[in-house]
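Data block below; observations after.
The values are calculated or read from the model by the stated rules, or taken from the named source; none is laboratory data. The model shown is predicted, which means the values in this text are computed figures rather than measured ones. Cβ coordinates were reconstructed from backbone atoms using ideal geometry, including for glycine residues, and neighbour counts include every protein chain displayed.
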Amino acid sequence: MSTINATTLSVSGQTRMNRDRSRSVSVSTNSITEIQAGAINRLLPDVRIASLRFHMVRPTYTTAWPDSEIKDLFAWVSYASAAQACLLGLTSEGWEGHEVFNIVADKICWEGGLKVEEKRRLPEGTTNDVRGWGGLTPACGLEEHVEGEKKVASLDLLKEHWPGTPVKPGWWGPGNERRGFWDTSKGERLLGWRHEG
């Protein structure tokens with residue numbers, strides 16, 4: 001198992017979106033586990049290893065958005081989808097060796113405007129108790145989207161918080177304005193995994 005921290009994004013003291021992608025900034029514990037997995041596979045070529053990079057694992061979008069942060073690129077994954085990825089890492093067919101997979105929802109997890117201070121807040125007296133397994137309930141009024149409220153597009157958030165970042169042509173198109181920043185196509189192609197929830 002790995003986490004998104006293998007990229008040093010969440011564990012770094014600052015957001016590293018604009019860093020020089022050709023050089024290593026730091027080595028995290030999670031990237032070391034991926035290096036070790038590759039070494040084990042070279043030593044034992046018949047062993048198949050799936051390194052799964054999980055992103056803010058929460059029960060539902062409703063329990064995820066209050067914890068969403070810019071430095072994490074507004075990424076999350078549901079418990080059910082994370083569990084499914086683990087099972088597929090063990091049972092899927094058609095690949096071998098050591099592979100690294102981004103396990104993340106295909107849509108960003110953000111409620112509010114472009115600025116951090118425009119992020120929606122929990123209603124007074126409500127807590128996001130996912131660590132205590134209580135979680136939020138639909139009765140607390142934290143539905144995913146307020147009727148009539150326009151959601152901020154991923155590309156607008158990218159331009160606001162990481163100006164000058166190169167954009168992959170066609171990544172965000174009509175009907176895909178809230179597409180996430182992480183490419184999950186490898187997990188779809190090799191594991192048969194897609195985020196649900």
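Quick one: which of ARG19, ARG58 is within 19 Å of TRP162 (Cα to Cα) and either surrounded by fewer than 19 Cβ atoms within 10 Å (Cβ to Cβ) or at pLDDT 90 or above (or both)? Quick ask: steps written out before the conclusion?
Working: ARG58 fails: within 19 Å of TRP162 (Cα to Cα).
The conditions single out ARG19.
Residues in region 65-116 that are part of a strand (DSSP E or B), modelled with pLDDT of 90 or more and either closer than 26 Å to ASN176 by Cβ or of a type in the set (Ser, Thr, Tyr) (or both): how many?
To start, the set of residues in region 65-116 that are part of a strand (DSSP E or B) comprises 77-78, 98-103, 107, 112.
Keeping just the survivors that are modelled with pLDDT of 90 or more gives 77-78, 98-103, 107.
If we keep only those that are either closer than 26 Å to ASN176 by Cβ or of a type in the set (Ser, Thr, Tyr) (or both) too, we end up with 77-78, 99-103, 107.
Qualifying residue count, region 65-116: 8.
Scan region 135-151 and tell me whether some residue there is within 19 Å of the chain's Cα centre (by Cα), of a type in the set (Lys, Arg) and modelled with pLDDT under 90.
Yes, that holds for at least one residue.
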